[in-house]
Amino acid sequence: MPDAIIIGAGAAGLTAGLLLARRGWRVDVLERDVDDRPGDLAGIDDWRRPGATQTWHSHAFLARCRSLLAEHAPDVLAALRAAGALEVRLAEHAPPTLTGPAPADDELVVLGCRRAVLDWVLREVVATQPGVTVRSGTRVVGLRIETDPAPAEPAFSRGPVRVRGVRLADGSSRDADLVVDAAGRLSPVRRWLADAGADLPAPAEADCGIAYYSRYYRRSGPAPDIALNRGHTTGASFDRYSCLMFPADGDSFSMTFGVLPEDTGIRVLRHGAAFDAAVRSIEMFVPWLNPGNVRPVSPVTAMSHLANRLRPLVADGRPGVLGLLAIGDAAVITNPAHTRGVSLAVLGAVRLTEVASGLRDPAERALALDESMRAELAPWFEDSCAQDSARLLRWRPEQPVVPQARGAEPAEGAPPTGYTPWPAAPAGGAGAARPAGVTNGEAYLAARRDPEIWHRFTRLQNLLATPSDVLGESGFAARVREILATGWRPAGVPGPSHDDLVGLATDALAVGAPEPR
Ligand SMILES: Cc1cc2nc3c(=O)[nH]c(=O)nc-3n(C[C@H](O)[C@H](O)[C@H](O)COP(=O)(O)OP(=O)(O)OC[C@H]3O[C@@H](n4cnc5c(N)ncnc54)[C@H](O)[C@@H]3O)c2cc1C
């Protein structure tokens, strides 16, 4: 029986552990956080997860994530439903401005669920699965590595390093046939590999140019019967800030502000009283935040220093490391605003399981997972960079700094969605249409008018179709341009100006109510 060590019990590590065990692997999932998860969901608000600080930011799980679970781990999907996860049928929330009915599509269903509930459910299912064990309070501090003294191919300056296992904080070590880096956004594994002399391609990276403030609430009465205006969320981008409401499991929901990281005035939102006043000042959220039956159940959680990142382990067909594969945020990170991370983590776990179970040779495994990364993950990295660039041109017109993916050189003849850096903004700004296709922003506008464009765009936003299939397809692009040429635009969403928002939040802080916990 082959054995695997997975570093990290987040969405990627737990899903991979479950799927590998079901393919006959013996798996240890090593997690640095102690296991202080509550015995039942009633205590979930107190599960802090210091190793995954995004846990208490708003999360939704896209239709692709739900489809992958339905196909590969239907018991996890069933357990999420039993835990009260909402299934948001997107056709029911199609824009009222469409000129005809939204096409029916049973796959377009998003899971509305707190992130802690997803991880709790995954832990419960994993706990009953023979062959996989989660070892909490077990921090991995290094790798057990062998360097190939004589590279098989003399043309290569260095051979790949061979990972044999991991070193733990208590001084012990463990070996396995396969080590999986599922240690998330801050994974130290690439640094360890580089220190051991691994010849890895530089990661491609671009700042998201955004910081987030989130807070969870509970309501005591029924949810308002109002369609969500952005698919699985309600909200909008306003004057240098955005605000979204995420419906979640049971009687819970969350609110998240996205702001410029350098905006010092708006940091007042980190205080609960200021945050509550700010969300209540935006008209569209008033029905959701009736003070009579809604109460905050978490402090405000802040997060910044976010970047889009693509971290390949193979350069020009040469694996830099054997015996170790990376999935989840350790492999690719996109701006959380697009709610794609967990879908990509689950997809990575599915592909890793296929590759590890279908191939025995470590080099073949590395190449096969890399190929999937190029085809299935890299397009979302590039799309996220492009969307961030367009937003930053709106939010920072006086300082039109366009984030550039850096590090990865385009290989000659590389596929259009390979590790090529995201191309610089075309003349006219990043919001301008590229000749071959349309931007995500243009498609978003047309998708509020034309039912077929709505359908294809919503599949794109849910990772059920790729940007090149949709935005780059000539018929789609022509129809989007046709709609935009009529001059039709959706009505703007009213909201306070940036300065008014900061002012009223600051005033509320002066007379603020005590914070929960
Ligand atoms: C503000 C914010 C909002 C988001 N919203 C969404 C959303 O709505 N929808 C969505 O799909 N995605 C969202 N994401 C992205 C999503 O959270 C991540 O993509 C997802 O958590 C990735 O899963 P993972 O398993 O790779 O990493 P994680 O979930 O971060 O898990 C990594 C695990 O590894 C452990 N670990 C780290 N180092 C070690 C070590 N040395 N030894 C042992 N264990 C270790 C950590 O403790 C942690 O448990 C959001 C992200 C942020 C930051």
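The values are calculated or read from the model by the stated rules, or taken from the named source; none is laboratory data. Keep in mind that what you see is a predicted model, and the values were worked out from it rather than measured. Every residue, glycine as well, gets a Cβ built from its backbone with ideal geometry; the counts of neighbours run over all protein chains shown.
Number of residues in the stretch 174-209 that are modelled with pLDDT of 95 or more and over 30 Å from Val134 (Cα atoms) equals 0.
Annotation note: Cβ proximity below 7 Å between a residue of the stretch 344-371 that is farther than 17 Å from Leu14 by Cβ and a residue that is within 16 Å of the ligand (Cβ to nearest atom) and part of a loop (DSSP other than H, G, I, E, B) (sequence gap 6+ or interchain) occurs for Ala366/Leu313; Asp370/Pro312; Asp370/Leu313. Pairs linking a residue in the stretch 48-71 that is more than 26 Å from Arg32 (Cα to Cα) and not assigned by TED's automatic domain parsing to the domain that holds Gly17 to a residue that is among the charged types (D, E, K, R) and within 8 Å of the ligand (Cβ to nearest atom), with Cβ atoms under 8 Å and 6 or more positions apart or on different chains, are Leu62/Arg340.
Can Ala12 be described as within 14 Å of the ligand (Cβ to nearest atom) and outside the structural domain of Phe253 (by TED's automatic domain parsing)? Yes: the conditions hold for Ala12.
Within the stretch 232-252, is there a residue that is at pLDDT 95 or above, touching a strand residue (DSSP E or B) at 6+ places or on another chain (Cβ under 6 Å), at positive phi and not in a loop (DSSP other than H, G, I, E, B)? Checked against the condition, which is being at pLDDT 95 or above, touching a strand residue (DSSP E or B) at 6+ places or on another chain (Cβ under 6 Å), at positive phi and not in a loop (DSSP other than H, G, I, E, B), the stretch 232-252 yields at least one hit. Of the residues Ala278, Ala274, Ala227, the single one that is outside the structural domain of His338 (by TED's automatic domain parsing) and surrounded by fewer than 21 Cβ atoms within 10 Å (Cβ to Cβ) is Ala227.
Within the stretch 225-234, identify whether any single residue is of a type in the set (Asp, Glu) and closer than 30 Å to Asp175 by Cβ, and answer yes or no. Taking every residue of the stretch 225-234 in turn, none turns out to be of a type in the set (Asp, Glu) and closer than 30 Å to Asp175 by Cβ.
If the condition is being under 19 Å from Arg489 (Cα atoms) and either β-branched (Val, Ile, Thr) or not in a loop (DSSP other than H, G, I, E, B) (or both), then the stretch 92-120 contributes His93, Thr97, Thr99. Residues that are touching a helix residue (DSSP H, G or I) at 6+ places or on another chain (Cβ under 7 Å), farther than 21 Å from Ala248 by Cβ and away from the ligand (no atom under 11 Å from the Cβ) within the stretch 20-74 comprise Leu20, Arg23, Val27, His72, listed in sequence order. Residues of the stretch 330-382 that are of a type in the set (Ser, Thr, Tyr), within 16 Å of the ligand (Cβ to nearest atom) and more than 14 Å from the chain's Cα centre (by Cα): Thr353, Ser372. Is it the case, given these coordinates, that Arg114 is surrounded by fewer than 21 Cβ atoms within 10 Å (Cβ to Cβ) and either within 11 Å of the ligand (Cβ to nearest atom) or hydroxyl-bearing (Ser, Thr, Tyr) (or both)? Spelling it out, it is not the case that Arg114 is surrounded by fewer than 21 Cβ atoms within 10 Å (Cβ to Cβ) and either within 11 Å of the ligand (Cβ to nearest atom) or hydroxyl-bearing (Ser, Thr, Tyr) (or both).
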